[in-house]
Structures are given as C-alpha cells and as structure tokens.
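In what follows, a structure is listed as structure tokens, so that the remarks can point back to it.
The values are calculated or read from the model by the stated rules, or taken from the named source; none is laboratory data. As the structure is a computational prediction, the values presented were derived from the model and not from experiment. Every residue, glycine as well, gets a Cβ built from its backbone with ideal geometry; the counts of neighbours run over all protein chains shown. Areas reflect the complete protein model, heavy atoms only, side chains present, ligands, DNA and RNA absent. Shrake-Rupley method; radii C 1.70, N 1.55, O 1.52, S 1.80 Å.
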Amino acid sequence: GVPGATARAVDGGRAWNGTAGRRGAHDHYRAGSLTKTFVATVLLQLEAEGRLGLDDTVDHWLPGLVEGNGNDGTKITLRQLLNHTSGIFNITADKDFQRKVFAKDGFLKHRYDTWTPTELVRVATRHKPDFAPGAKWAYSNTNFVLAGMVVERVTGRPYAEEIRDRIINPLHLKATSLPGTDPAVPRPASRAYSKLTADGSGTPVDVTELNPSIAGAAGEIISDSKDLNTFYTALLRGELLPARQLKEMKTTVPTDPDSPGTRYGLALMREDLPCGRTVWGHSGGIHGSSTLALTTADGEHALAFNFNGDWTGDMTKVALAEFCPK
C-alpha cells in the first residue's frame, strides 16, 4: 500500500540501491526524527569541548522557559531531554496542534505557517508533565525542540549552522540540509503523500510542500539514503564523537514494554533483532514520509530507506530482510 520506496544498503563496502514505485535511488526526502541524532551529536560534541554538561538543567540554559502546570526546567537535565526521560508533554499529542497540523482541513490551511521553537514549547507546557523527570521513558518531540534551543544558547548560532559545520560539511553530505522555513524539497525528489486522517482512511493528499518549522530540531532534516548511511556509519565508528561521548550516546534505557528488543540512548536507538544481530539508528516520520536508518556497531553494514506515504507499510520487514535474511 505504500506509493513508493527508495533504499540503499552497504555491506562490507558493497553498495546496493533499490526503488519501487515512482522513486529514484537518489531521491531527497524528509527524514523527520532522524534530525534528533544530528542534534544530539552536536550537543555531545559541545560536552566534549567542555562547553556544557549532560547533567546541566534545562533551566540553566533556558531560564524560565519550562515552567507552569507542574513543569519545572530546574529538575530536567539535558541527558533526560536526549533520552526521552524528561516527562515533558509531547507537542504532537496536543489536540489543537493535531487539528491544525495533521488533520486535512487544518494542514491545507496552515501548511505554510511558521512556528517558532518557543511557540512549540508553549504548546507542550500548557499540559502537565507525563511523569516526574527520570521516572520512565516516553517519546516527546518537545525534548528536541528544547535541545536545539540549548545548542543555540551555548554557541550563539542556530543549531542548523552547527550541524552544517560540524557534521554535514566534514562528512560531505551533499543531499542533507536543514531547510528552516523553506517548504520545498530539493531535487531530485518524489512526491510525498498522506491521508491526513487519524485512521488512515480516505484519499491520499500531496503533502510534499510544508513549512518544516512545525518540527524544527525534532524533525526538519532533509537527506537521502546514501547520506544517512554515511552519517550513521561515521557516528558508530567514532568519527564524530570521542569514545566517552559515544559511550554516553549508546547508554540506553528501556522503551515500550511490548518491544523488549528496543532500547533508546541519546537519540540513538538500539535494536536487538530476532536473529541475534544488534543494530543502531533511528526512525523518522513526518507528513508523507517514513524513514529508517540502521547500522551495525562496527559500521560495516548499513541500511537507510524511505516510504513516501505515512499511513501504511511495514518498516520492520524491510529491516529484517536486510539484517536477518533467511
């Protein structure tokens, strides 16, 4: 039921590209929450430089921003932002935000609206925290909107510029960009489709163009499968972080009790596959786009792929076909 797919696998230096539907092997696409790993990498680089600490509080860097309705930035650490144990309400779970951003009428009316990071945080802090900081795990895009703001506060520069100068340019990621408020996807690219309904019913709508400030540091990045493999391979091989910071990134907490094989580090997901292999990476979803990038710890075997529809498709099957072939 997916309109199209594009994928690239690299195994022991051998590369393979595959497509289905009206897709190209070098398509640019919105990679959604894979943005989080880029942001976390920059924060960990800053920690290695002695410019911040993972146990610094959010309020230390963003005083007075996370407060009200039981929210308290003086009790939330940067580490808890990065591993989703902060308890801060997830912006995308807010009903008004959902109607404006994800429902068909709202999206078509507001797709080009600009959202500032502060506006996004205020959507979240209208709600009580889901739990006390550190008490459990729950995925929240708000965490990485805040993480992006911390990068800007520490460096005095937009987080997108830090990612560009610290990751994109050194790794020569030609297809990777953080578009800010630009609604277009660079070519080559395919169209992206969504049903814009909660249950996935209805007719697909072309959602290729949108203002990615709705996601910001939690999910605005555009890339392609080759670049994503390059990034995660370099990350796991220690080319972007010193050993101590990479160890911190790979220190995981349990996620969903129904998925015991999945654990979450500092914006780095660990998957223990049923065939006994372990891979690291991240998934990402944004309007009309579903992405997964996974890499073995030695960086020898990597897979990145994208579906240009967000209401169907089994990403797990693709991953298992690559890493656990029969």
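Details
- For segment 4-28, filtered to residues that are in a loop (DSSP other than H, G, I, E, B) and within 23 Å of the chain's Cα centre (by Cα), the residue that is farthest from D227 (Cα to Cα) is G4.
- Qualifying residues in segment 160-210 (those that are among the basic types (K, R) and free of Cβ contacts under 8 Å to residues at least 60 places away in the same chain) - the one surrounded by the fewest Cβ atoms within 10 Å (Cβ to Cβ): K174
- Among the residues of segment 7-66, those identified as within 28 Å of L246 (Cα to Cα) and among the hydroxyl-bearing types (S, T, Y) are Y29, S33, T35, T37, T41, T57.
- For segment 5-33, the set of residues classified as at positive phi and buried (at least 18 other Cβ atoms within 10 Å of the Cβ) consists of G32 only.
- Which listed residue is touching a residue at least 12 places away in the same chain (Cβ under 8 Å), assigned to a loop (DSSP other than H, G, I, E, B) and more than 22 Å from the chain's Cα centre (by Cα), from G1, G87, G50: G1
- Boolean, D72 is at pLDDT 95 or above, acidic (D, E), in contact with a Gly (Cβ under 7 Å, 6 or more places away or on another chain) and more than 27 Å from E209 (Cβ to Cβ): no
- Within segment 99-125, considering residues that are out of contact with any helix residue (DSSP H, G or I) (no Cβ under 7 Å at 6 or more places or on another chain) and part of a helix (DSSP H, G or I), the one surrounded by the most Cβ atoms within 10 Å (Cβ to Cβ): T125
- Where helices (runs of 4 or more DSSP H) fall wholly inside segment 214-326, the ranges with 1 or more residues that are in contact (Cβ under 8 Å) with a residue 40 or more places away in the chain and surrounded by fewer than 18 Cβ atoms within 10 Å (Cβ to Cβ) are 243-249, 315-323.
- Residue in segment 197-246 that is nearest to D113 (Cα to Cα), counting only those that are touching a Lys or Arg at 6+ places or on another chain (Cβ under 6 Å) and small (G, A, S): G202
- Among the residues of segment 59-84, those identified as part of a helix (DSSP H, G or I) and open to solvent by 80 Å² or more (accessible area, probe 1.4 Å) are H60, K75.
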